[in-house]
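Okay, structure first, notes after.
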C-alpha cells in the first residue's frame, strides 16, 4: 500500500472514534469531540460510564464500537493508552492519533510505555501518529484534532503549505501569529514522539499531494536521516522544503533530549546536509512562516537583482543596506535600470523624485505614481525581484493602493514583495495584500529576507532541476 493510501484515513476519515471523550468542557476529550463534531458525520465517543456526550451516543468500551472505523483519537492518560491502542488495533481501526503525553519525553516509565506502542504497531501493522501529538488540522475540510487555539478561523481558507511539526506549541503559536496577515495552509501535522509515522512519511505523502507546493518542518530530531534527505532531494525538484531545525547548540541539543527523548545531531553536519540535498533552512518560528509563505505564493526569480520602490527615502536606504549585506548568506544585488526604464521613471514621477534604484517616489506621490513606477521596473529585464515599500500616511495615497498594486504586480511573472506599516492598521493592510494574492511583511528586514529565500530556491532548481540529473 502506498503512503498516500496508507494515510488517507488520517486526512479523510469516514468515521472517527474519540477514546476518552468527556462531558467536562475543560477536558481535552471534550474539546476534540466538539471540534470534530462540526465536520465528521460518523463520530463515536468512548467513555466507560457516560451514555451521551454533546448529543452523541457514547460507547462504553472500544470493543463495542462499530466495525470499519477509519481513525481513533486517544486522549486518555499514558498508563491507559497502551491497552486502548491495542484494543483499537484488535478492532481493526486503521490509524490512531495519540494526543496523550507522558511517554518518551519524560523518560523512565514513559519510555517503556512508548516501546509497547512500537510493539503494537509492528504486531498489527496499524499506523500511529504520536504520542504527545496535537494531531492534524486540514483547513480544506475543517477536520481538526487540535485542542488549543491555533488560528483555525484565519487559516480556514486553506493554501499550499503543509506544516509538519515535532512540537505542537511551536506549530500552533507560529501559525496563529502568521495567520494575522494571511497564511495559506494546506495541512498541519503534529508528529509528536514519532513511534511510527515520521517526517519522512509526511514528506512522501505531501510530495504526492497536488494541492501542496511547499512543505515546512519544525524538527528537533530527524529519524532515518539518510532516507529523508534522499527523498528531499527528489521532492525539492518540484516543491520547496523548509526546515526549522532546533537544537543548534550543545545546550539546545540537551533540551531536545529532555523534550522528546531523542538525540539531535551536529548542527554543522545538519546545515551541510540541507544545502547538499536542496533543503532551505529557517532559524526561528517567524522565519519558517515567512519563508514558506513566500515560497508557496510567489514566482521564483531568474536571478538576484532587486528593485526597490519607496515613498520614504529612509526606508529605501535601510532596504538597500539589507540587500547589499555581504554576510547574509544568499547574495542579493540592487538592479541597474536600463535607459528605457530610467526614461519611463522620469516620465511618470514628480520632478524631485529619485529615479535611481532604490526609487524614491517621495511622500508627495499618489496611487498612480506607485503603480506606474511598479510597472516600469517590472518591465525591465535586468530586474528579477521587486520590493515595494508601501505607505498609507502620504496625503495623496488612498485605500485603493493595495488593490492597484496587487493588480499590477500579478500581471507579471516576477515576485513582488510588499512592505507595509501603518500603526495599528498594519496587519489589516498586509492581510488585504494577502487576500489579493500578494506577500507582505511589516519589517524591511523580513521583506528582504523573503527575497533571499526566493533566490535560494532559484539556485536549488538550477542545481537539482530535472534537466541537471
Fewest to most neighbouring Cβ within 10 Å: what's the order for 114, 51?
51, 114
Length-normalised contact order for the stretch 66-217 - Cα pairs under 8 Å, 6+ apart - percent
21
Sort 123-130, 232-239, 29-36 by the packing proxy (mean of other Cβ within 10 Å over each peptide's residues), most packed first.
29-36, 123-130, 232-239
Can you give the calculated 222 nm mean residue ellipticity of the chain, where each DSSP H run of n ≥ 4 adds -39,500 (n - 2.57) and the sum is split over every residue, rounded to the nearest 500 deg cm²/dmol?
-12500 deg cm²/dmol
By per-residue mean of other Cβ atoms within 10 Å, what is the highest-first order of 443-451, 337-345?
443-451, 337-345
Under 1.5 on a/c is rounded, so check that first for the stretch 1-132, then, if it is not, pick prolate when a/b is larger than b/c and oblate when it is not; a ≥ b ≥ c are the square roots of the alpha carbon gyration tensor eigenvalues.
oblate
Using a 10 Å cut-off on Cβ atoms, rank the peptides 194-207, 383-396 from the highest mean neighbour count down.
194-207, 383-396
Tell me the angle of helix 444-464 to the major Cα principal axis of the chain, expressed in degrees between 0 and 90 and rounded to the nearest ten.
80
Expressed as a whole number of Å, what is the distance separating the alpha-carbon centroids of the stretch 396-469 and the stretch 136-163?
23
Got a sec? How would 315, 429, 218, 283 order by Cβ neighbour count within 10 Å, fewest to most?
283, 315, 429, 218
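Every read-out reported here was derived from the displayed coordinates using simple, explicitly stated rules and does not represent laboratory data. It should be emphasised that the depicted structure is a prediction, and the values quoted were computed from it without experimental measurement. Cβ coordinates were reconstructed from backbone atoms using ideal geometry, including for glycine residues, and neighbour counts include every protein chain displayed.
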